[in-house]
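The values are calculated or read from the model by the stated rules, or taken from the named source; none is laboratory data. Note that the structure is predicted; figures quoted are calculated from it, not measured. Every residue, glycine as well, gets a Cβ built from its backbone with ideal geometry; the counts of neighbours run over all protein chains shown.
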Amino acid sequence: MTIPKKEFDGLVSINGTKLYVETAGKGEALLFIHAGIGDSRMWNEQYDEFSKTHYVIRCDLRGFGQSKMSSGVFAHHKDIAAILEYLEVEKAIVLGASFGGHVAIDFALTQPELVKKLILVSPALGRYEFESPEMLQFFNKEEEKIKHGDWEAATELNLKMWVDGPQRSAEEVSQNVREQVREMQMNIFSQPEVDVVEEIELAPPAITRLGEIDIPTMVISGNLDVIE
């Protein structure tokens, strides 16, 4: 069992930028990686509950929440590795949701020695190309709203797609959840632009390498998930 040595709550210098990291509890290390429509706050309830039995870690990925985007090249999975090194964690259970699942998969492929178990909640996948007319229409509409600086409309599109889903109306969803996600998504869209930013994609991409993962893995999906 990994015995973590550091407690932390704040910004830490990682790979040329400052990332928000928070830890709590004692025991086996459990790392939460948030979705692309949120930040570390999406894990509030899970963070409080699992800190009773684990050393829990949550962070804002670069460009999300309190973490800053910086110019230059970067890879989220490399940031995750650097965070664990900073916290002196030798191995962790890694849990990622949606885009966070994408990051978790890339991390498991590149640094398997740091991952004890992998939990993927409706994960995205590197280099997966959406093909359905509904998804392509969503991305086109989102791009148009972002291009014109209409963050509120772009946020509402994301709420309808990823929070409500195709099978529910907004009225059928917890308004508290919707407003929490709205706040997190608006924060993402309002991040200051940084010149010359390049995210390094895993090569070969994860979509061609899933068979390489030799770590106990749980995949969680829901009946109301968006199906592509």
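Points worth noting:
- Tallying residues that are within 22 Å of the chain's Cα centre (by Cα) and either hydroxyl-bearing (Ser, Thr, Tyr) or loosely packed, with under 13 Cβ neighbours inside 10 Å (or both) within the range 116-138 yields 5.
- Cross-chain or 6+ apart pairs with Cβ under 6 Å, the range 9-21 first and more than 13 Å from residue 75 (Cβ to Cβ), then charged (D, E, K, R) and surrounded by 15 or more Cβ atoms within 10 Å (Cβ to Cβ): 9/22; 11/18; 18/68; 20/60
- Enumeration of residues in the range 106-150 that are in contact with a Ser or Thr (Cβ under 9 Å, 6 or more places away or on another chain) and in a helix (DSSP H, G or I): 108, 145
Every residue, every condition in (1) closer than 24 Å to residue 65 by Cα; (2) at pLDDT 95 or above, yes or no:
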| residue | (1), (2) |
| --- | --- |
| 129 | no, no |
| 135 | no, no |
| 155 | yes, yes |
| 159 | yes, yes |
| 181 | yes, yes |
| 200 | yes, no |
| 204 | no, no |
| 208 | no, no |
| 212 | no, yes |
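- Inter-residue pairs, beta-carbon under 8 Å, first without any contact (Cβ under 8 Å) to a residue 40 or more places away in the chain and outside any helix (DSSP H, G or I) and in the range 168-185, second surrounded by 12 or more Cβ atoms within 10 Å (Cβ to Cβ) and β-branched (Val, Ile, Thr), 6+ apart: 173/163
- All conditions in (1) under 25 Å from residue 221 (Cα atoms); (2) surrounded by fewer than 20 Cβ atoms within 10 Å (Cβ to Cβ) hold for residue 71, with the sole exception of (1).
- Selection of the range 6-44 for residues being among the small types (Gly, Ala, Ser), buried (at least 20 other Cβ atoms within 10 Å of the Cβ) and under 15 Å from residue 84 (Cα atoms) yields only 29.
- Here is the figure for the range 58-94: residues that are more than 18 Å from the chain's Cα centre (by Cα) and either part of a strand (DSSP E or B) or hydrophobic (A, V, I, L, M, F, W, C) (or both) total 4.
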